[in-house]
1. Could I have the simple spin-label model distance between Ser210 and Ser130, label points 7 Å from Cα toward Cβ, reported in nm to one decimal?
2. Mean residue ellipticity at 222 nm from the helices of the chain, using -39,500 (n - 2.57) per DSSP H segment of n ≥ 4 over the full residue count, to the nearest 500 deg cm²/dmol?
3. Between Leu33 and Lys46, with labels modelled 7 Å along Cα→Cβ, what's the label distance in nm to one decimal, could you check?
4. Within the chain, count lysine pairs with alpha carbon atoms under 25 angstrom apart where the residues are 8 or more positions apart or belong to different chains.
5. Sort Cys112, Cys47 so that the residue with the fewest other Cβ atoms within 10 Å of its own Cβ comes first and the one with the most comes last.
6. Taking 8 Å as the Cα distance limit and 6 or more residues as the minimum spacing, I'd like the relative contact order of the chain as a percentage.
7. List the residues whose amide H sits under 5 Å from the amide H of Ile126, counting only those 5 or more places along or on another chain, with H placed 1.01 Å from N in the peptide plane.
8. Send over the Kirkwood Rh of the chain, from the inverse of the averaged 1/r over different Cα pairs, rounded to one decimal Å.
Amino acid sequence: MNEMTPAMWLVLAGVLGACIGSFLNVVIYRLPLGQSLVSPPSRCPKCGSLLKWYDNIPIFGWLLLGGRCRQCKNQISIQYPIVELITALLFVLVVWLTPPGPLLATRLLLVCILIALFGIDLEHQILPNSITLPGIAIGLLLSTIAPPGLRDALIGALVGGGILYAIAWGYYLWRREDGLGMGDVKMLAMVGAFLGWKAVLVTLVFSSFSGALIGLALIASQRGNMKLALPFGTFLALGTLIAMFVGEPLVTWYAGFFEI
Ligand SMILES: [Zn+2]
C-alpha cells in the first residue's frame with residue numbers, strides 16, 4: 001500500500017462530505033416535519049416513486065436526472081445538490097486547515113450541525129431543540145479532549161447564551177415584541193460550547209454585520225421592510241464558520257492593539 005498523499009486525503013474528505021451532505025438534506029427536509037431520518041428510503045416528494053440507488057449519488061445523481069423526477073418529471077429542488085456540494089467543500093476546507101486529531105472530528109461535526117441548522121432556519125424559521133440542546137452537551141463533552149478545553153467551552157456556552165438572552169430581553173422591553181428567538185440563544189450557547197468564548201464574540205460580530213448588510217440590501221431593493229424577519233440562525237451559522245477558521249488569530253491580533 002502506498003502512503004496517502006495530502007491531495008488524496010482532500011479528495012476523500014470531499015467524497016465523504018458529499019455523502020454526509022446527502023444525509024443532511026434528509027435532516028433538513030424531514031426533521032422539522034417530525035419524520036424518521038432513516039426510513040422510508042428517498043422518494044420523489046411529488047409522486048412518491050422510489051429513487052434508484054444511482055439517483056442518490058451525491059451531486060451527480062441530481063445532474064444525471066437533469067433536476068427532474070424520472071417518473072413524474074417534476075422538478076427536484078436544486079437545494080439537494082447545493083447542500084451536498086457545500087458540505088463537500090467545507091469538509092475539504094476543514095481537513096486542509098486542521099491537523100489530524102480530536103479537533104478535526106469536532107470541527108467536521110460542527111460543520112454538519114451548522115449546515116443542518118442553516119437549512120432548517122432558512123426554510124422553517126426554527127432552530128430545533130433536538131439539534132441545539134444535544135449540540136451544547138456534545139460540544140462540552142468534546143472540549144474535554146480537544147480545544148478550546150472544558151473551562152473555555154463552559155464560559156463560551158454561558159457567554160453565548162447569556163449575551164443573546166440579554167439582547168432578546170432588551171429588545172422585548174424596548175419594542176414589546178420578540179426580536180430574537182430562544183433558538184438563537186441556544187444555538188450561540190452551542191457555538192460557545194464547541195469553540196469557546198473568543199469564537200462566540202467573533203461569531204456575533206460577523207453574523208450581526210452580515211445580517212445588517214443583507215437586511216439593508218433587501219430594504220434598499222424594496223424587497224423587504226424593517227419588520228421583515230430574517231432568520232438570524234442562518235447568519236449565526238455563517239458567522240460561526242468564519243469564527244472557526246479565523247476566530248483565534250483574529251482575537252489575538254485585535255487584543256494585541258491593547259496589549260491585553
Ligand atoms: Zn416524481
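Each reported figure results from applying straightforward, stated rules to the coordinates on display, with no laboratory input. Not measured: the values here are computed from a predicted model. Glycine gets a Cβ as well: all are built from the backbone with ideal geometry, and neighbour counts include every protein chain shown.
1. Result: 2.7 nm between the two label points.
2. On the way: 9 runs with 178 residues, N = 260.
So the calculated ellipticity at 222 nm is -23500 deg cm²/dmol.
3. Output for this residue pair reads 1.5 nm.
4. Details: Lys46/Lys73; Lys52/Lys73; Lys186/Lys198; Lys186/Lys227.
Counting lysine pairs in the chain gives 4.
5. Details: Cys112 19, Cys47 12.
Fewest-to-most ranking of Cys112, Cys47: Cys47, Cys112.
6. Numbers: 336 pairs, mean separation 43.0, N = 260.
Dividing the mean separation by the residue count of the chain yields 17 percent.
7. Residues meeting the amide H criterion: Asp121.
8. Numbers: mean 1/r = 0.0504 Å⁻¹.
One over the average 1/r among Cα pairs gives 19.8 Å for the chain.
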